[in-house]
1. Determine the gain in length on full extension of the stretch H50-L72; use 0.36 nm per residue of separation and subtract their C-alpha separation, reporting nm with one decimal.
2. Would you grab the residues whose amide H sits under 5 Å from the one on W90? Only those 5+ places off in sequence or on another chain, please, with H modelled 1.01 Å from N.
3. Of K56/K91; K101/K123; K91/K123; K91/K126; K56/K126, which sit over 26 Å apart, Cα to Cα?
4. Rg to Rh for the stretch 41-130: what is it, with Cα atoms only and Rh by Kirkwood?
Amino acid sequence: MNRTANQLSVKYLLLLLFSALCSGAWAQKQTGIRPGETWPDTDGKHIQAHGGGIIKVGKTYYWYGEERRQGLDTSNRYVSCYSSNDLFNWKNQCDVIELAKPDTMLLGSKWVLERPKVFYNAKTRKYVLYP
């Protein structure tokens, strides 16, 4: 390979490395909670589970909370779910629900979904989301 090809190869590798770091592909495993700092999920993205609650099923914890990431439809409200085995490292499972405005009497997009919780209903043997 000539010098120009080597320089292009190095630039290409550096670009790939930078892209991977910025996308969180090599997210660092968390060993503790650091108040006041951004708390990344296992993909390196900021955890979005505001006002949430945590339940434990077997050895796994599930954290349900308000999803507030950028780019969401502001006329709807979302609840996200994360899972963890150690309470430090949380994997984003998905948005479990997307709600439209519940009442036409509410004007504008200022309505709120607060503190969503998930409970186990022993009678039905199902988990219930209470937004």
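Nothing in this text is a laboratory measurement; each read-out follows from the coordinates by a stated rule. These numbers come from a predicted model, not from an experiment.
1. Details: separation 22, 0.36 × 22 = 7.92 nm, distance 1.50 nm.
Length difference between fully extended and current span is 6.4 nm.
2. Residues meeting the criterion, in which the H sits 1.01 Å from N, are T42.
3. K101/K123; K91/K123
4. Working: Rg = 14.2 Å, Rh = 14.1 Å.
Here the Rg-to-Rh quotient is 1.01.
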